[in-house]
Each structure stands twice: as C-alpha cells, then as structure tokens.
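Undergrad: Before we start, here is the structure in question, set down as structure tokens.
The values are calculated or read from the model by the stated rules, or taken from the named source; none is laboratory data. For clarity, every value in this text was computed on a predicted model and none was experimentally measured. When we count neighbours, we look across all protein chains shown, and the Cβ atoms used for this are built from the backbone with ideal geometry, even at glycine. Ligands, DNA and RNA are stripped out before the accessible areas are found, and what is left, the full protein with its side chains, is counted by its heavy atoms. Shrake-Rupley method; radii C 1.70, N 1.55, O 1.52, S 1.80 Å.
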Amino acid sequence: MSDKWFNKPGKPLLIAGPCSAETEDQVLQTAIRLKNTGKADVFRAGIWKPRTRPGAFEGVGESGIPWLINAKKETGIPLAVEVAKAEHVEICLKYGIDIMWIGARTTVNPFAVQEIADALRGTNQIVFLKNPVNPDLDLWLGGMERLINAGLTRLGAIHRGFSFFGEKIYRNRPQWQIAIDFKTQMPDICMINDPSHICGNRHLLAKIAQKALDLNFDGLMIETHITPDQAWSDAAQQITPETYKSLIENLKIRDIEPADSLVKSHLDRLRREIDILDDEIMHVLASRMELAREIGYYKRNHNMTILQSERWKEILQKFIDRSQDNGLSEDFITQIIKAIHDESIEQQERVMSAELKLREVRE
Ligand code: PEP
Ligand code: MN
C-alpha cells in the first residue's frame, strides 16, 4: 500500500472537525484542540450545508473559508471542505483548500457530480465522494467514474451509510457489503468510513469505527466540536476533540497479513479448508436447485401450486430448531434458508412457464 497517495501501511487517514464551521472562534478552538490530540491528519468543516429541511442552518458560506485558512496557519493541519456545485469548487480552488468532498445528497445527482468533475478537470485535487443516500452501488461507482474521467487521480470514497424509513438503530444503515463491493471493484481508491453520519449518535461511533478498520478501510472521518451539544448541525453525533482522542487511541489497528511466517502458514491451511467447504456449499446448492427444478416439473404436470405453505413452514422451522445446536444465530439461518427458498421458487417458476425444458431439468 505504500505506493498509494493516501496512507502509510497500518496508519489510517484520520479526518476530524466540526460538521459545520459556525464562528471563527469555534473553528480555531476545534482545530487547536484537535492538534493537541495528535490524531488528526486533516481538519474537516462544512461551510455549505445541504440540509434536508429548509430553515435549518445552511452554513456560513464563503465567509467561513478565511477562518479555516487561519486555523490551518495556526495548526498546520490540511483542510477538507464539502462542495456541491462548480461554484463551490472554484472558491475552494481559489483558496487552495487541500481536500474537497462531495456529500451524499450530491452524489445522487449525476448532473451535479459531472459539473463538479468538469470544474476540477486539469487539477491534481484530492477529492472524496460520499456514497449516495440510497443504497445504489452503481450510482456511487458512476460518480467516481465521472471524477476519474475528468483526469483526477487522488480519489477517495466515503462510506457514510444509507438512509431508510422505519425503526432506527443507526441514522443511516451501514450496509457494509455495498462499501466492500465498491472496494472490490475500485481497489485503488482510498476508502474511508464516516461513523458520525452512520450512527447519528455518540455511543455507537467506536463500534462502527472499529468495524471499518477490521474491514481494512483506509481511514475515518469523525465529526468533532468544542461544545457538541451546542452544535448548529448534527449535534447528537459530534464529540469533543478529547473524546475523539480516546476513541482513536482505543481502536485496534490490525495487520492485513501476519508478519510471523508460522502464523501465516497456519492461516493459509485454515483458508484452504474454507475453500474446500465453499466448494461443497456450491455443489450442495447446485444439487438442491436441480431437485427443486425436478419437483417443479412434477408440479407442472400435476397442476399443483409452487408454494405449499405447510411444507415451507416445516422446512423453516426445522432449520430454526437446529440453528442453536449448530452455533448459528436464528437470524442468520432464517436469512439463508429464505434466500435458498426464494431461488427454488424462481427456478420452479421457470419450469412452470416452460422456460426450462425437461431435458434441461434432468441434465
Ligand atoms: C457532512 O459530512 O456533514 C454531511 C453533510 O454528510 P453527508 O453528505 O454524509 O450527509
Ligand atoms: Mn454532519
């Protein structure tokens, strides 16, 4: 990883600072107290705030930038600011803002991302792209492609969770698999996690930050404020620089590969065993689907419905009853068997609609 622009091996990129720049003093005091933690590589502050409802604090605008420049002069910490349109980019370029990030509400709009990408064309700007508010991997990847197509090379993605309607543990659901898929498809892009906007509260921040590091994320962005309860935006999730310091100090930074060759060979052996089991899972699933198709054919010939509710209830219950004895959570087993059952129905549906011929069924 050492050839990448964004971090040294084992050293996550740490971005901290208030949700919003509010006053010159608040910006400066937050930056100084963060400097004292020794744990902030970059100072973040929003000056244009995209707010869900009108009437909320929408940021101080361009007038806040000199406060940030001053904070950088005092602390030496590079700056990151959110941009949502070309005009913001031009202002940030004019002042030499080190990092720009595109917010979740902007990523959903390809016109806006394209406009920003065009305004950055020909620069060597560091740009981070937050995931869109909705769980749409393509939209996130597409936004990144627009930045890549504009010739930018120092690029990062920020996983900040996905909005949803209903009972909430998190303000935005992490849906880690989307970020993992993004990392898999674009392995050279720096991927950081934003626990603040995922949690929407203070008490889950450490758990999310640790999980991100355990998933080999390249860094974290965490909102910090001198008096969090009085913050003009996102008060519930901000923490003081001192709380931030202890949060970071308590994180475990793990190695991707063990240094010890004995540990490594033991791990390799266990991984080979996993590979064998994965092959078996694949084989068993394929055989199960083959049988499901054959049953589908039988149902078709005897004019029976695909779904036999009693039979399905029995199968589900059988798995749930045995989950605990096998050290598996009921929730996990339920999800797995439901997914398998869904696919069986889908395959039988295709047999029923004669999309699959008997030949294909038996072969
Ligand atoms: C922010 O970083 O303060 C922000 C507005 O976040 P998001 O775009 O993730 O909602
Ligand atoms: Mn915020």
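Undergrad: Conditions: (1) assigned to a loop (DSSP other than H, G, I, E, B); (2) open to solvent by 100 Å² or more (accessible area, probe 1.4 Å). L328 meets all but one. Number of the miss?
TA: With (1) assigned to a loop (DSSP other than H, G, I, E, B); (2) open to solvent by 100 Å² or more (accessible area, probe 1.4 Å) applied to L328, the lone miss is (2).
Undergrad: I would also like to ask the following. Sort out which residues of the stretch 189-246 are away from ligand 2 (no atom under 15 Å from the Cβ) and in a loop (DSSP other than H, G, I, E, B), and write them in order of number.
TA: Answer for the stretch 189-246, where residues must be away from ligand 2 (no atom under 15 Å from the Cβ) and in a loop (DSSP other than H, G, I, E, B): I189, H203, L204, L215, N216, F217, D218, I226, T227, T240.
Undergrad: Can you tell which of G55, G122, G103 is free of Cβ contacts under 8 Å to residues at least 12 places away in the same chain and in the same structural domain as Q185 (by TED's automatic domain parsing)? Lay out the reasoning, then the answer.
TA: Numbers: G122 fails: free of Cβ contacts under 8 Å to residues at least 12 places away in the same chain; G103 fails: free of Cβ contacts under 8 Å to residues at least 12 places away in the same chain.
After applying the criteria, what remains is G55.
Undergrad: Next question. Hey, does the stretch 346-361 have a residue that's more than 32 Å from the chain's Cα centre (by Cα), among the aliphatic types (A, V, I, L, M) and surrounded by fewer than 12 Cβ atoms within 10 Å (Cβ to Cβ)?
TA: Yes, there is a match, as at least one residue in the stretch 346-361 is more than 32 Å from the chain's Cα centre (by Cα), among the aliphatic types (A, V, I, L, M) and surrounded by fewer than 12 Cβ atoms within 10 Å (Cβ to Cβ).
Undergrad: So, one more: Against the conditions (1) more than 14 Å from M221 (Cα to Cα); (2) open to solvent by 10 Å² or more (accessible area, probe 1.4 Å); (3) modelled with pLDDT of 95 or more, where does L155 fall short? Just the number, please.
TA: The failed condition is (2).
Undergrad: Scan (1) away from ligand 2 (no atom under 16 Å from the Cβ); (2) closer than 21 Å to P18 by Cα for the single condition F128 breaks and write down its number.
TA: (1)
Undergrad: Also: So which residues in the stretch 171-203 are of a type in the set (S, T, N, Q) and either open to solvent by less than 20 Å² (accessible area, probe 1.4 Å) or not assigned by TED's automatic domain parsing to the domain that holds P12 (or both)?
TA: N172, N193, S196
Matching residues to (1) open to solvent by 90 Å² or more (accessible area, probe 1.4 Å); (2) more than 35 Å from the chain's Cα centre (by Cα); (3) under 30 Å from P9 (Cα atoms):
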{"position": "V263", "(1), (2), (3)": "no, no, yes"}
{"position": "E280", "(1), (2), (3)": "yes, no, no"}
{"position": "V284", "(1), (2), (3)": "yes, no, no"}
{"position": "G296", "(1), (2), (3)": "no, yes, no"}
{"position": "K299", "(1), (2), (3)": "no, yes, no"}
{"position": "M304", "(1), (2), (3)": "no, yes, no"}
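Undergrad: Which residues, counting only those in the stretch 204-252, are closer than 18 Å to N172 by Cβ and of a type in the set (D, E)?
TA: Residues satisfying the conditions are E223, D234.
Undergrad: Now for a different question. Restricting to strands (runs of 3 or more DSSP E) lying wholly in the stretch 1-103: which have 1 or more residues that are modelled with pLDDT of 95 or more and open to solvent by 50 Å² or more (accessible area, probe 1.4 Å)?
TA: No strands (runs of 3 or more DSSP E) qualify here.
Undergrad: Quick check, is I47 away from ligand 2 (no atom under 16 Å from the Cβ) and without any contact (Cβ under 8 Å) to a residue 60 or more places away in the chain? Outline the logic, then answer.
TA: Details: away from ligand 2 (no atom under 16 Å from the Cβ): no; without any contact (Cβ under 8 Å) to a residue 60 or more places away in the chain: yes.
No: the conditions fail for I47.
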